[in-house]
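This report refers to the structure that appears directly beneath it.
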Amino acid sequence: MDIKQPLEEAVLQSLQDIYAIDFEPDDLQFTPTKKEFSGDITLITFPFVKKLKGRPEDIGDKIGGHLLEHSDWIENYNVIKGFLNLNISGKKLWSFTKSIYEVENYWKLPSNGKVSMVEFSSPNTNKPLHLGHIRNILLGWSVSKLLEANGYDVYKTQIINDRGIAICKSMVAWQLFGGGQSPQDAQVKGDHYVGDFYVRFEEELLKEYKLWQISDQGRSVIKERNEKGLSEEAFFKSFKNIYFNEFSQLGEAAKNMLKSWESNDEDVIALWRKMNNWVYEGFDITYDKLGVHFDKIYYESDTYLKGKEIVNDGLGRGVFYQEDDGSVWVDLEDVGLDKKILLRSDGTSVYITQDLGTAEMRYKEIGASKMIYVVADEQNYHFQVLFETLKKYGADYADGLYHLSYGMVELPDGRMKSREGRVVDADDLIEEVINEATQIAEERGELGVLDNQERADILRKIGLGAMKYFIIKVQPKKKMIFNPTESVDMQGNTGPYIQNAYVRIQSILRKSDIEIGKNIDFDIDFHMAERELIMLISQYREQLQLALKEYDPSTMANYAYSIAKSFHRFYHDCPILNAENTNVLHNRVLLCEVTASALREAMDILGIEMPDRM
């Protein structure tokens, strides 16, 4: 149960008794009472005016009087215009607090029997995970946890881009410059090792171009094609793809390797598998650091074939159409989009082809009623096209698809570009935030008494918690700047601030030496800080549902911060271990325990562990 449910029932009964008119729970609008007024929760009466044909303040006064007389949940009320401010019974507040402690899995909603899938991370195998992936991974993991807490059976998946020209670039570079070494030989993490060869390919391509541009052929081509008189750098930027496809020897090698891969050349497939496995081993290390895992992994090298089957089936049924050159298209102009190619004239797939195949494979394997794709906002149009294409195709699951779009994340010094080797690696960022946490801990000197392993574990929790919270607290659709130093600040809206509230409670519980939940006195008068904290905690399930409705984990992040702030006020204003008597001590220790549970569960949804000490 929660506080809102019995209040809704009492108000609905009051409306029926007073006006003989039935209302539904959705007709009631509750909100926390503004701090300048007396009350714990406010019922807004303006929506009743049309149906009840009365002044909002008169309606509020009648409902408040009826509640005061007939409901043991209300001990007082006041009306300010169209706002009925209700004071909850102190007995009920303490009873509610005790019930949270006693109810198993209070913080999660019962199973609804529905299956959902969340796709996130979805990296390429030509480079390591980076800062952008971290925001993606944290959002995907948090949305998965939100779904689970709201009663869904959740599959966490990723689709790995393990094929294409970019992967072949890394393979060619390793053949030319790798000297037959493995990551173990080079003592480099697998995904970083392969990523270095992707960067090396681009570096060598630029060297090759610089020699070509002073050759007779290069001079002639550039003179002919640089009609706008662009600078050398600007021209190369506009001409690079043409150079790669028409003139580059390295480009020719990469394209030939791709053709060999598509022809199932044994040697190329063997190299492809070997280098991809190096990358997967590196990815797994990073995922383990972040505390995430996947229930099912899909590979584009498999799903693009299924996508071709769907396109050919749709073509046969007249859903898609074929141009004279043999390419296959879908016409989405009737839904405000363009015509979109689904297969090239030579029968090869495009990016959307494999996404069609992936969606079909997932639905048949998982049967999810919801499929959420966590992908940056640069792909908004792509997902509009994908979803509308599946609707036109007649996919049963098309209405359950959702694109969780998010803005780019940058560091204070700007964006990153992987091809030039200026990528902000996820591993480096994780190490940096842990180092920031370590520096602060050394300055405070509070962990010096712990052994090295326990100390390292706490610093890991603080550093990762700081990074995760700083990123997740921002609404997904907003662009953001991640500042590692600001993220570990012990004050303000940060992960360590919330963790500190939890740690403070653990210290109180260790020192209290009482049996929690026993000898609770329901008649004890409330301090305002206690009432505020309990009412805030009572909103947990409501916030949980709101966060899922918007697919926005920042709701739970900022809610956890509100609880932590409220607890710190309670801790400051209300003596706990030095309470005025034993009964007050028992009640306040119970409230501490319930607060700690709320913080732990809310932060767990964000993928954040809570340390016992800081």
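Read-outs: derived from the displayed coordinates by stated rules, not from any lab. Remember, it's a predicted structure, so these values are computed and weren't measured experimentally. For neighbour counting, all protein chains shown are included, and Cβ atoms are generated from backbone atoms with ideal geometry for every residue, glycine included.
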For LYS518, counting only aspartates and glutamates whose alpha-carbon sits under 12 Å away and dropping same-chain residues fewer than eight positions off, the answer is GLU102
Going from the fewest other Cβ atoms within 10 Å to the most, one would list ASP451, ASP573, ASP162 as ASP451, ASP573, ASP162
Between the residues LEU450, MET467, GLN506, the Cα farthest towards the positive end of the dipole of region 426-605, that dipole coming from +1 and -1 charges on the beta-carbon of Lys, Arg, Asp and Glu, is from MET467
Within the under-10-Å Cβ sphere about SER170, not counting SER170, Lys/Arg +1 and Asp/Glu -1 give a net charge of +2
Among VAL118, MET610, LEU176, the residue whose Cα sits farthest towards the positive end of the charge dipole of the chain, when +1 is placed on the Cβ of each Lys and Arg and -1 on the Cβ of each Asp and Glu, is LEU176
For LYS240, the aspartates and glutamates lying under 15 Å Cα to Cα, once residues fewer than eight places off in the same chain are dropped, come out as GLU202, GLU203, GLU204, GLU208, GLU232, GLU252, GLU420
Given backbone amide H placed at 1.01 Å from N, residues whose amide H is under 5 Å from that of GLU410, ignoring those fewer than 5 places away on the same chain, are MET480, ILE481, PHE482
To the nearest 10 degrees, the tilt of helix 300-316 (Cα long axis) against the first principal axis of the alpha carbons of the chain is 90 degrees
Note on the chain, DSSP bridge orientation, antiparallel percent to nearest 5 equals 50 percent
Loop-resident chymotrypsin sites (Phe, Trp or Tyr not before Pro) in region 26-118 with no more than 12 other Cβ atoms inside 10 Å, DSSP not H/G/I/E/B, are PHE37
Note: ARG219 to ASP523 extended length (0.36 nm per residue) minus current alpha-carbon separation gives 100.3 nm
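About the Cα centre of region 1-127, how large is the charge dipole given +1 on each Lys and Arg Cβ and -1 on each Asp and Glu Cβ? Please answer in debye to the nearest 20.
On the way: 15 positive and 19 negative charges, 100 e Å.
Dipole magnitude for region 1-127 comes out near 480 debye.
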In whole Hz, the Karplus estimates of ³J(HN,Hα) for region 343-350 (6.51, -1.76, 1.60; θ = phi - 60°; x where Gly or Pro) are 9, 6, 4, 8, x, 7, 7, 10
Label model pair SER95, LYS108: point-to-point distance (7 angstrom along the Cα→beta-carbon line) in nm is 2.8 nm
Under 5 Å from the placed amide H of TYR77, counting only residues 5+ away or on other chains, we find ASN87
Computed over the chain: longest principal axis from alpha-carbon atoms vs helix 582-605 long axis, angle to nearest 10 degrees, is 20 degrees
Per-residue Cβ contact counts at 10 Å, fewest first, order SER142, SER369, SER301, SER95 as SER95, SER369, SER301, SER142
Rounded to whole angstrom, the alpha-carbon centroid of region 283-349 lies from that of region 1-58 at a distance of 51 Å
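So, with +1 on the Cβ of K and R and -1 on the Cβ of D and E, and no other charges, what is the size of the charge dipole of the chain about its Cα centre, to the nearest 20 debye?
Values: 72 positive and 98 negative charges, 149 e Å.
Charge dipole, the chain, about its Cα centre: 720 debye, nearest 20.
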At the level of C-alpha centres, the distance separating region 81-120 and region 493-535, in angstrom, is 18 Å
The relative contact order of region 327-470, taking Cα pairs under 8 Å that sit 6 or more residues apart, comes to a percentage of 16 percent
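Within 10 Å of each candidate Cβ there may be at most 16 other Cβ atoms; applying that plus a DSSP loop requirement, which trypsin sites (Lys or Arg not before Pro) in region 195-246 survive? Don't skip to the end; give the middle numbers.
Working: sites: ARG200, LYS207, LYS210, ARG219, LYS223, ARG225, LYS228, LYS237, LYS240; in loops: LYS228.
Here the trypsin sites (Lys or Arg not before Pro) that fit, given the DSSP loop and packing criteria, are LYS228.
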For region 277-341, averaging the sequence separation of alpha carbon pairs under 8 Å that lie six or more residues apart and dividing by its residue count, the contact order in percent is 14 percent
Any GluC sites (Glu not before Pro) in region 328-402 that lie in a DSSP loop and have at most 13 other Cβ atoms within 10 Å would be none
For LYS461, the lysines lying under 16 Å Cα to Cα, once residues fewer than eight places off in the same chain are dropped, come out as LYS289
Taking a crude spin-label model, label points 7 Å out from Cα along the C-beta direction, the LYS34 to LYS296 distance in nm is 5.0 nm
Karplus ³J(HN,Hα) for region 171-181 (6.51 cos²θ - 1.76 cosθ + 1.60, θ = phi - 60°; Hz, whole; x = Gly/Pro) runs 5, 4, 4, 5, 4, 7, 10, x, x, x, 6
Helix 380-393 sits off the longest principal axis of the Cα atoms of the chain, rounded to the nearest 10 on a 0 to 90 degree scale, by 90 degrees
Among LYS274/LYS306; LYS91/LYS370; LYS237/LYS340, the pairs whose Cα-Cα distance exceeds 30 Å are LYS91/LYS370
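Using R₀ = 22 Å, calculate the FRET efficiency as 1/(1 + (r/R₀)^6) where r is the Cβ-Cβ separation of LYS51 and GLN13; round to 0.05. Don't jump to the answer; show the numbers that get you there.
On the way: r = 17 Å, r/R0 = 0.75.
Working from the Cβ atoms, E equals 0.85.
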Among HIS293, GLN249, GLY218, the residue whose Cα sits farthest towards the positive end of the charge dipole of the chain (+1 at Cβ of Lys and Arg, -1 at Cβ of Asp and Glu, taken about the Cα centre) is GLY218
Hits in region 348-386: amide N under 18 Å from the 7 Å Cα→Cβ extension of ASP334, namely 385-386
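Here are some pairs, LYS35/LYS477; LYS364/LYS549; LYS35/LYS62; which of them have Cα atoms lying more than 27 Å apart in this structure? Spell out each step's value before the answer.
Numbers: LYS35/LYS477 31 Å; LYS364/LYS549 25 Å; LYS35/LYS62 23 Å.
The answer is LYS35/LYS477.
Based on DSSP H runs of at least 4 residues, each adding -39500 (n - 2.57), what is the mean residue ellipticity at 222 nm of the chain after dividing by all its residues, to the nearest 500 deg cm²/dmol?
Details: 23 runs with 345 residues, N = 614.
Theoretical 222 nm ellipticity from helices: -18500 deg cm²/dmol.
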Taking alpha-carbon centroids only, region 130-150 lies from region 361-390 a number of Å equal to 16 Å
With a ≥ b ≥ c from the Cα gyration tensor eigenvalues, square-rooted, and the rule rounded for a/c under 1.5, otherwise prolate when a/b > b/c and oblate otherwise, region 196-331 is oblate
With 0.36 nm assigned to each residue of separation and the Cα-Cα distance removed, THR485 to GLN184 gains 105.0 nm
Taking a ≥ b ≥ c as the square roots of the eigenvalues of the Cα gyration tensor, with a/c under 1.5 meaning rounded and otherwise prolate when a/b exceeds b/c and oblate if not, region 426-605 is oblate
Relative contact order as a percentage, the chain, C-alpha pairs under 8 Å and 6+ apart, gives 15 percent
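Using 1/(1 + (r/R0)^6) with R0 = 35 angstrom and r between the beta carbons of PHE177 and GLN379, what's the FRET efficiency to the nearest 0.05?
Working: r = 33 Å, r/R0 = 0.93.
The value I calculate is 0.60.
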